[in-house]
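Visitor: If you scroll down you'll find the structure; I have some questions about it.
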Amino acid sequence: MRLQNKLRGSHTSTMTLKTASLLALVGTGLLAVLLAAHFILDLANAASGLVPDIQVLTSFTHTLAGVSVAVFFYVFYKGVALGESICQRGAP
């Protein structure tokens with residue numbers, strides 16, 4: 001299904017691909033920081049014997065997944081920014 005041409009520019013006109021990728025990068029970056037803090041707390045609690053060791057492994061996999069998504073969005077944001085700068089200068 002196609003959008004009508006007259007509505008194409010009016011829907012979220014300020015949200016470009018670059019700003020959307022920056023917003024996703026900021027959100028996943030904050031999430032990765034929270035997951036890393038939770039991993040550190042789980043690690044300290046496992047060293048004290050308060051939580052089982054398997055919880056540290058689970059927390060580590062969640063932190064690794066959050067950081068890898070944040071890295072993906074960082075690379076995506078840089079690629080979009082590079083693509084926009086090439087389009088503004090003109091293709092070679």
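Read-outs: derived from the displayed coordinates by stated rules, not from any lab. All values reported here derive from a predicted model rather than from experimental measurement. Neighbour counts run over all protein chains shown; Cβ positions are idealised from the backbone, glycine included.
Visitor: Those residues that are over 18 Å from the mean Cα position of the chain (by Cα) and among the polar types (S, T, N, Q), I need them from segment 60-84; list them, please.
Guide: The answer is none; no residue qualifies.
Visitor: Restricting to segment 45-67, what's the tally of residues that are among the β-branched types (Val, Ile, Thr), farther than 13 Å from Leu35 by Cα and loosely packed, with under 13 Cβ neighbours inside 10 Å?
Guide: First, pick out the residues of segment 45-67 that are among the β-branched types (Val, Ile, Thr): 51, 54, 56, 58, 61, 63, 67.
Now restrict to residues that are farther than 13 Å from Leu35 by Cα: 51, 54.
From what is left, the residues that are loosely packed, with under 13 Cβ neighbours inside 10 Å are 54.
Going through segment 45-67 one residue at a time, the tally reaches 1.
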